[in-house]
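K.L.:
This is the structure I have questions about; it appears just below.
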Amino acid sequence: MVLVINLGVIKLRYSLRTKLTLSYILIVVIVVGLISLVANTYIKTEFQDYVMNRQEKQTNEIIGLIKQQYQADQVFDIAYLERLGMNALENGMIIEILDVDGSLIWAASHHNSGLCEAMMLSMQKNMYSYHPNWDGEYEEKTYPILDNNIKIGTLTTGYIGPYYFNNEELVFIKAFNKLFVMIGIISLVLAFALGIIMSLRISNPLNKIVKKALLLSEGRYKEKLDDISNTKEIEMLIKTINKLSEALENKEKLRKQLTQDVAHELRTPLTSVQGHMEAMIDGIWEMNTVRLSSCYDEIIRMRRLIGSIEDLSGVENENVLLHKEEFDLSKLILRILNNYESECFAKNMRVTYVAKQVFIYADPDKISQVFNNLISNAVKYLDEDGGELHIDVIDHQGKVEISIKDTGIGISESDLNLIFERFYRVDKSRNHKTGGIGVGLTITKAIIEAHGGTITATSKLDEGTAFTIMIPNRSC
């Protein structure tokens, strides 16, 4: 548990372990409490019905025994009635027997009034010990004693009503309650132990994940989580953290590589320009158009490099500004292919594209940049002895599918998953020659996604690469 003081307000924050343990304990308390309440209410009701039925049954048995004795002797046997009365008194019932004229034959209160009073007080004490708010009182009921439907006497029964529990019944009820208390205590102990165990199984991996996340924030990516959890969500979280660590490590490598590449790309033209300028300033070289043109070309190269970085920054902004309009995609593709006609001819490259009208609603400048990036890559990385470039456009309902395939050098499987990453370059030596820094495909993907589309790539080394673009048309 952590105590946090914030602007004079005290807030208690509990650990996951504490919350889980308290949750288990709370569930057990609620469940055991509800079971105890329901069980006691049910037992109390059933016992009340049982006691009332027992009293009625006992009364009927006494009437039957009195009638049976009278039928045998045709007169009431006082000694027999005394035995019946004392036995009833032991069961909490005070009886009184009158003859048909209403004269008293036998009464427990007359026979032993002290015992009757003590018995009533004992039963009241028992009921108050069971239920402090018990509101029972002494009650009497009168029953006729009939012999062949002829009244031969009257039986009056007195008892604590509307119901009472004898000693054996109270012992059973108290034992039952003690059993629930024991079950509750044992359940609490088990819930506490189970809460500790389960919270440890959940919180320990989470604590390791937290520590790993802190390491990631410090730039330490190499350490991996090797814990295995049988909790699906925790296992997914561990895998996600490991993937995040790997992704951040790759990003860091790309960032360092970017620093090296940009430094190299800028250093080379700057060094060249500096050398030319120093030589011309010192009079070693004569200042002429050729040497100035060479310096100018290096400056253009640096500007192109900086422009690529600016383009990437622009399209990666989530609020990319698109100037959409409806245009014929086939005309745009033909115009771009015409721009690369000389390069394709120089490399003996065969281009296949069947022009057909396909109208889309998009930003024509941004879509032109996409085709320029993909076609220029295909031309750059094609072997000198020729190859093929195949472009196909299919108008699906609601979407346009664009396929650009080449038979160039291809991309390895390990590089294929990273080609859309910023500043990632598959073949660094080739990219140095062509002046790229690895942002063309990143820009291409950003533009397509800004239009609500997708771009995927498939490739095999020495066989070629295929890019597939799905982009919504105006009907979307």
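K.L.:
Just to confirm the number: angle between the C-alpha axis of helix 232-281 and the first principal axis of the chain, 0 to 90 degrees, nearest 10?
P.N.:
For 232-281 against the chain, the angle is about 20 degrees.
K.L.:
Give the residue list of trypsin sites (Lys or Arg not before Pro) in the range 168-244 that are DSSP loop and have at most 10 other beta-carbon atoms within 10 angstrom.
P.N.:
Lys222
K.L.:
Continuing with the same structure: Calculated FRET efficiency, Ala279 and Ile306, Cβ-Cβ r, R0 25 Å, to nearest 0.05?
P.N.:
The pair Ala279/Ile306 has a calculated efficiency of 0.45.
K.L.:
Asp363's amide H: which non-local residues (gap 5+, or another chain) put their own amide H closer than 5 Å, with H modeled 1.01 Å from N in plane and none for Pro or chain starts?
P.N.:
Glu325
K.L.:
When the chain is fully extended, how far beyond the present Cα-Cα distance does Leu179 get from Glu46, taking 0.36 nm per residue of separation?
P.N.:
46.0 nm
K.L.:
Kindly provide the helix-only [θ] at 222 nm of the chain, computed as the sum of -39,500 (n - 2.57) over DSSP H runs of four or more divided by all residues, to the nearest 500 deg cm²/dmol?
P.N.:
-20000 deg cm²/dmol
K.L.:
Between Met86 and Phe345, how many nm apart are label points set 7 Å from Cα along the C-beta direction?
P.N.:
Each label point is offset 7 Å from its Cα along the Cβ direction, giving 13.9 nm.
K.L.:
Using amide H atoms built in the peptide plane, which far-off residues or other-chain residues are under 5 Å from Ile409 H to H?
P.N.:
Those qualifying (amide H under 5 Å, at least 5 residues apart or on another chain) are Asp383.
K.L.:
Using the beta-carbon distance between Ser294 and Asp415 and R0 = 41 Å, what value does 1/(1 + (r/R0)^6) give for FRET efficiency, to the nearest 0.05? Numbers along the way, then the final one.
P.N.:
On the way: r = 34 Å, r/R0 = 0.84.
My answer for the efficiency is 0.75.
K.L.:
If you filter the range 172-278 for GluC sites (Glu not before Pro), then keep DSSP loop positions with at most 12 other Cβ within 10 Å, what is left? Kindly include the intermediate steps, with their values, before the conclusion.
P.N.:
On the way: sites: Glu218, Glu223, Glu233, Glu235, Glu246, Glu249, Glu252, Glu265, Glu278; in loops: Glu218, Glu223.
Taking the range 172-278 and a limit of 12 other Cβ atoms within 10 Å, the loop GluC sites (Glu not before Pro) found are Glu218, Glu223.
K.L.:
Between 0 and 90 degrees, rounded to the nearest ten: what's the tilt of helix 440-450 against the longest Cα principal axis of the chain?
P.N.:
The angle comes out at about 50 degrees.
K.L.:
Now a separate question. Helix 289-315: angle to the longest alpha-carbon principal axis of the chain, degrees 0 to 90, nearest 10?
P.N.:
20
Read the figures in this text as sums done on the coordinates, not as results from a lab. Computed from a predicted structure; not experimentally measured. Glycine also receives a Cβ, built like all others from the backbone with ideal geometry; neighbour counts cover every protein chain displayed.
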